[in-house]
Amino acid sequence: MLTRRLLQAIPVLLLATFSVFMLLKLLPGDVAITLAGENATVERIEEIRRLKGLDQPLIVQYGQWVMGAIQGDLSESLLSGEPVSTTLARVFPNTLFIVLYAVTLSVAVGVPLGILAASRAGGLGDKLVMVLTSVGVALPNFWIAMIFVVIFALNRAWFPATGFVSPFEDPLAALWYATLPAVALAASGMAEVGRQLRSSLVETLHSQHFRTLHAKGLPFRSILWKHGLRNVSVNLLTVISLLISRTLAATVVVEVVFAIPGMGNTIVNATLQRDFPVVQGAVLVMVLTVITVNLVTDILYSILDPRIAQQ
Amino acid sequence: MNETKRKAIDALPPLRRRQVLSGLAGLATVASIGGLPAMAQANGENILRVRANANPSSLDPATGGSGSDHTFLYNHYDTLIDWEPDTLAPKPGLAAEWSFPEPKTLVLKLRDGVTFHDGSACDAEAVKFNLDRNRTAQISNIKQDLASVETVEVTDPLTVTLRLSAPDTALPLILSDRAGMMVSPTALGNDPETNVDREPVGTGPWSFVSWTDGEKVVGTKFDAHWRDGVPGTDGIEMFVMPEESTGLRAVQSGQVHIAYQLSERQKILVEKIPNLGIVSGPTLYIHQLYVNAARGALQDVRVRRALSLSVDRNAFVAATQANVGEAAYMNLPKAHWAYSEAAAELTTYDVDEAKRLMEEAGYGDGLELDLRGYPDQGSVQRQEVLLAQWSKIGVRGRFQNAPVAENSGRFFGEEKQGDLLMSAWTGRPDPSLTYALLYSENSFYNPGRVAPPEGFADAIQRSRETADQDARKVALGEVQQMVMQAQLTIPLAVRYEVDAVTSEVQDFNANLLGKPKFNDVKLG
């Protein structure tokens, strides 16, 4: 399965990077003009285009990038000259840290909420959880982020309003800096995990199989933890897997709001400046991450439910 | 079913207690982590932290391409000539004095004992190396700035002589910009085609420590700086935060000391924040309309004049800049040493005269124009105010908005699309450069490539033949009157510098160039 999935990833990677490359080239604007400076002559702009290989046909430019990428060379930023691999090695762990923090929060809060709602289906607790999770799903991340900054950073000064510390430098400070962005990112995740889990659990707990377990005299706690959660674990895993991919995408906005030097910020700035090697490299890493998450999810499916592996 | 529910409720308390306990534990952890800011901020460091609005394109003055680089470059490089912050009049920098013994020769006398961060001497040989590199190296983006320099000679260890192809008294102010920033030849390995893009070595107040792309640039105090008491802090950290609101939040929360180049509308907001102060002042940045005088009705100077005279610039500033700024009656702000009252009178609001001119030109029944602009909120607001004001003389149109690169390319480039483009002019240290770049027949910023008024080139040249500022002002005044009479651009409003600073910041002032310098800033 692993080999098949890895082979399937190749056309996905090519299609994604080629689409992004062509879209960037279709965008108006010329990075050579930016590079040439404020009083640039037409000759200087042409000279820069030639020096940077921007005068080559598009397919040649893309081909050169692919050949380099296969050999581990993701080229250099057109603007700063920094190797793209260096940039990505610096910013990707930051994004990954925020995403994992946010997903952990989503699961840590969403799962108890889902269990609470499902075990009191139709009751006051269930209704309260449903209202809260509806709000969580409906509110956009960036709005929540800004409200959190006003309350917890500017008014209460509990957390920093902007910035980031790498977990490799200072893990405690890293958690402190990442808390507001992670909570902002996790708000919809918590709601989604809670709602999905509640829905799956209610359906499972109402099935004949569980009625039989109950009739056998098993206590509810045992039914819930030993049988119920195990039955819905595949659904929960799917939700978490999708959540990781979506949270990765959502960092684009939240990183800008909190000035976090991560993938999202890098992609936004590079796109605005038409720095296509950086955008290409970042997209490649993002696509690889999503593919990896999906692959791990598939493997976990087969562990949680051996019937899937047999199929 | 009801029985199941009842049992479920009965079974829950232990679980809920556990949840409550873990929740409380989580909250306690968060609260304890939340106690960190006070510890982290009370560190007593004398490090100036600044929010910058863009990542630098390069930290080598010869190879960079962005106007926003200067704020970074000033930290690590001094310029041969400096300027007065309030007027941009030239004053000594690395060159203690300069003179034009004859119109085609500029002599620079350098300060003694100035060294680069790497310890090498900033002497005449180093200056010659830099000027030659800037004007001839293939990697240089500023060759055009020094186009009038024919040769650079070392007269003695502290004297450099520039032989010019034509009189050019604009050179001293050109040497206050990128072209005058001196890079250590040793750091370049004495090879003009190499660069210090990512590791600048100059003579500036802070020597370079690190640059994390898109995140921050760090400098540490250069103890051997030639000016006493400069820099005012032991270090500087420039944090890159392109989003303006994020920058404001950073200064509000005390994470940075200064957030510069905020929009005028933010000034009202900053004034309401108790722990922040404002540093503000006029800049050379002018919102203006570029006119393609080779198209349709705009070939008629009466129509161009009518468009300008019908703009109530004070109302425009009030509506679009929350009254922070000033009306622009020409391509310079009032505070500039070369400002001309006579030129300004030519564009003063007079809607009756504008109507008369439209009538005379045959457009008394109205005129539809092809207008171009940018899609950001501020630009759209300026467009709406302008259209409302033009409606008084029957001028109509709809702005076709697209990103800066796209619409600028289409308007100024080969396609020549649009009658007018609402954009801005960011200014140049010497006004003769501004006028030459905006109005010369083959200039990129002259979209119709129309010939400037007769006598324009002569007046520009005269402004460059004398070093006397009063005489230059007279010559430049003539240039300004010519171009405002011909109305080849329509200036609208001067943008003001709006910087938010914390109460610790001392000795930080705005400058007319609109590119802040932090050399003298101290933290109280």
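Odds and ends about this structure:
- Pairwise FRET efficiency - B:Asn46 versus A:Arg5, Cβ, R0 = 45 Å, nearest 0.05: 0.20
- Label-to-label distance for A:Asp170 and B:Ser99 is 5.6 nm, based on points extended 7 Å past Cα in the beta-carbon direction.
- Within straight-line reach of B:Lys473, meaning a Cα separation under 21 Å, sit the following lysines at least 8 residues removed in sequence or on another chain: B:Lys91, B:Lys104, B:Lys334.
- With R₀ fixed at 56 Å, the C-beta to C-beta distance from A:Gln71 to B:Lys416 puts the FRET efficiency at about 0.80.
- For B:Asp82, residues with placed amide H under 5 Å, excluding near neighbours: B:Lys91, B:Gly93
- Restricting region B:387-435 to trypsin sites (Lys or Arg not before Pro) that sit in a DSSP loop and have at most 16 other Cβ atoms within 10 Å of their own Cβ leaves B:Lys416.
- Gyration tensor over the Cα atoms of region B:81-180: the corresponding equivalent ellipsoid has semi-axes (square roots of 5 times the eigenvalues, largest first) of 18, 17, 15 Å.
- Relative to the longest principal axis of the Cα atoms of chain A, helix A:229-258 runs at roughly 40 degrees.
- Low-density loop positions, trypsin sites (Lys or Arg not before Pro), region B:285-352 - DSSP coil, at most 14 other Cβ in 10 Å: B:Lys334
- Ordering B:Ile81, B:Ser148, B:Thr115 by Cα displacement along the dipole of region B:81-180 toward the positive end leaves B:Ser148 in first place; charges were set at the Cβ atoms of Lys, Arg (+1) and Asp, Glu (-1).
- Across chain B, the relative contact order, built from alpha-carbon pairs under 8 Å that are at least six residues apart, equals 19 percent.
- Point-to-point label distance, A:Val137-A:Leu124, nm (Cα→Cβ direction, 7 Å offset): 2.5 nm
- Reachable aspartates and glutamates from A:Lys216, criterion Cα separation under 13 angstrom, eight or more residues apart if same chain: none
- Spin-label model, B:Asp376 to B:Ser245: label points 7 Å out along the Cα-to-beta-carbon direction sit 1.5 nm apart.
- A Förster radius of 35 Å combined with the Cβ-Cβ distance from B:Ala457 to B:Asp350 puts the calculated FRET efficiency at roughly 0.70.
- Ratio of Rg to Rh for region B:373-483: 1.05 [Cα atoms; Kirkwood radius as inverse mean 1/r over pairs].
- Under 11 Å from a label point set 7 Å out along the Cα-to-Cβ vector of B:Ser210, the amide N atoms of region A:153-197 belong to A:166, A:169.
- Across chain A, Cα-Cα pairs farther apart than 24 Å form 63% of the total.
- Here's the list of aspartates and glutamates a cross-link from A:Lys25 could span, going by alpha-carbon distance under 15 Å and ignoring same-chain residues fewer than 8 apart: A:Asp55, A:Asp275, B:Glu406.
- With neighbour counts taken as other beta-carbon atoms within 10 Å, the residues B:Glu45, A:Glu82, B:Glu102 rank, fewest first, as B:Glu102, B:Glu45, A:Glu82.
- For region A:166-263, the set of GluC sites (Glu not before Pro) satisfying both a DSSP loop assignment and a count of at most 14 other C-beta atoms within 10 Å is given as A:Glu169.
- The angle between the Cα long axis of helix A:84-119 and the main principal axis of chain A comes to about 20°, on a 0 to 90 degree scale.
- In this structure, the amide hydrogen of B:Gln400, modeled 1.01 Å from its nitrogen in the peptide plane, lies closer than 5 angstrom to those of B:Leu371, B:Arg372, B:Gly373, counting only residues at least 5 positions away or on a different chain.
- Helix A:171-205 axis, angle to chain A major axis (alpha carbon atoms, nearest 10°): 50 degrees
- Rounded to the nearest Hz, the phi-derived 3J(HN,Hα) couplings of region A:48-55 under the Karplus curve 6.51 cos²θ - 1.76 cosθ + 1.60 (θ = phi - 60°) are 5, 4, 5, 4, 8, x, 7, 8, where x marks glycine and proline.
- For the protein assembly as shown, calculated [θ]222 nm from helices alone, where every DSSP H run of n ≥ 4 adds -39500 (n - 2.57): -15000 deg cm²/dmol
- Full-extension gain in nm, B:Asp234 to B:Val154, via 0.36 nm per residue minus C-alpha separation: 25.3 nm
- Annotation: amide H of B:Val498 within the under-5 Å range of B:Gln261, B:Leu262, sequence separation 5 or more or interchain, hydrogens built in the peptide plane.
- Gaussian network model of chain A, springs between alpha carbon atoms under 10 Å - residue of A:Ala108, A:Ala270, A:Ala184 with greatest fluctuation: A:Ala108
- Taken over the alpha carbons of chain B as equal point scatterers, the Debye sum produces base-10 log I(q)/I(0) values at 0.12 Å⁻¹ of -1.16.
- Extension gain for the segment A:Phe18 to A:Val60, taken as residue separation times 0.36 nm less the Cα-Cα distance, is 13.9 nm to one decimal.
- Debye log10 I(q)/I(0) for the protein assembly as shown, one point scatterer per Cα, at q = 0.11 Å⁻¹: -1.32
Any read-out appearing in this document is the output of simple, stated calculations on the displayed coordinates, not a laboratory observation. Every value quoted in this text rests on a predicted model; they were computed, and no experiment measured them. Note that we place each Cβ from the backbone using ideal geometry, even for glycine, and neighbour counts take in every protein chain shown.
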